Protein chains: 2
Amino acid sequence: MSRLIEKKCTACELGAPLVPDEQQKDLLKDLEGWLIERSDISKLVKTFKFGDYAKTIKFVNLIAELSEFEDHHPKITVEWGKVYLEWWSHKIQGLHMNDFICAAKSDEIFLSIEQ
Amino acid sequence: MSRLIEKKCTACELGAPLVPDEQQKDLLKDLEGWLIERSDISKLVKTFKFGDYAKTIKFVNLIAELSEFEDHHPKITVEWGKVYLEWWSHKIQGLHMNDFICAAKSDEIFLSIEQ
């Protein structure tokens, strides 16, 4: 498991640093199954799959708790048995270290839900 | 409020009838703010807005409860203060009466959350 999960998000203000491309690649190595979707705004994305709807919604609620705790809110797309998560930092229109931290914590949450 | 909310979804099997276009237009008149997005598959869609994240997530959970009760699950896209709901019937790749019923019930749920 990544050391990222031991970190806490910092305040992300306008003008905060984007994670440089080279460092993004290094950080991705610590994350399983996450991709960087590059369009106007780079986003860290992953699909999580579940055996039933109750687990799907449980995951959504735990991600919501994390979001409030970190004061950082992802885009969450929910279908039966499937959650597509997108982390990025609105204020800087791209990837902040917070996004990598929250991606690692999302994986930890997923693993906490018995499949 | 629409009479749709008094109905319960029926089992939607392969080969069940799509709602004809003309009837779709009539049913839409009973729904506030819903649009039919027509691409490969027609979907009934609406964005709901909330004053905080707790209400946003409360709405998601109530929609999830409705989904389990009706055994009909929408695509739910969640951001801070915003939920985009998409109802359609996977088995018939389009709009069944169930989708209009669930749209009406979604509105009722939204109104139940104090803004």
- Quick one: among A:D30, A:D71, A:D40, which has the greatest mean-square fluctuation in a GNM of chain A with alpha-carbon springs under 10 angstrom? A:D40
- Note on the structure: Binned at 5 Å from zero, the C-alpha pair distances of chain B give percents of 2, 12, 24, 25, 20, 11, 5, 1, 0
- Query: How far is the Cα center of region A:53-115 from the Cα center of region B:50-115, in Å?
  - Reply: 19 Å
- Query: How large is the accessible surface per residue of chain A, computed with a 1.4 Å probe and reported in Å² as a whole number?
  - Reply: 52 Å²
- Message: Taking all protein chains in place and a 1.4 Å probe, what share, in percent, of the accessible surface of chain B do carbon and sulfur account for?
- Response: 52 percent
- Under the 7 Å Cα-to-Cβ spin-label approximation, B:L35 and B:I5 lie apart by a distance in nanometres of 2.4 nm
- Query: Is there a pair in A:K55/A:K105; A:K49/B:K82; A:K82/B:K91; A:K105/B:K75; A:K58/B:K55 whose C-alpha atoms are over 20 Å apart, and which pairs would that be?
  - Reply: A:K49/B:K82; A:K105/B:K75
- On average, how many beta carbons from a partner chain sit within 10 Å of the beta carbon of a residue in A:45-54? 1
- Query: Relative contact order of region B:1-106: what whole-number percent is it, with Cα pairs under 8 angstrom and at least 6 residues apart?
  - Reply: 40 percent
- Query: Mind checking which of A:A104, A:A11, A:A64 has the largest fluctuation in a GNM of chain A, springs on alpha carbons under 10 Å?
  - Reply: A:A11
- Query: Taking both sides together, what accessible area is buried at the B/A interface, probe 1.4 Å, expressed in Å² and rounded to the nearest 100?
  - Reply: 1400 Å²
- Task: Take the Cα gyration tensor of the protein assembly as shown, multiply each eigenvalue by 5, square-root it, and list the three semi-axes largest first, rounded to whole angstrom.
- Result: 36, 18, 17
- When chain A is treated as a Gaussian network with springs between alpha carbons less than 10 Å apart, the largest mean-square fluctuation among A:L95, A:L85, A:L62 is found at A:L62
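The values are calculated or read from the model by the stated rules, or taken from the named source; none is laboratory data. Bear in mind the structure is a predicted one, so any value in this text is a computation, not a measurement. When we count neighbours, we look across all protein chains shown, and the Cβ atoms used for this are built from the backbone with ideal geometry, even at glycine. Accessible surface is based on the protein model in full, side chains and every heavy atom, while ligands, DNA and RNA are left aside. Shrake-Rupley method; radii C 1.70, N 1.55, O 1.52, S 1.80 Å.
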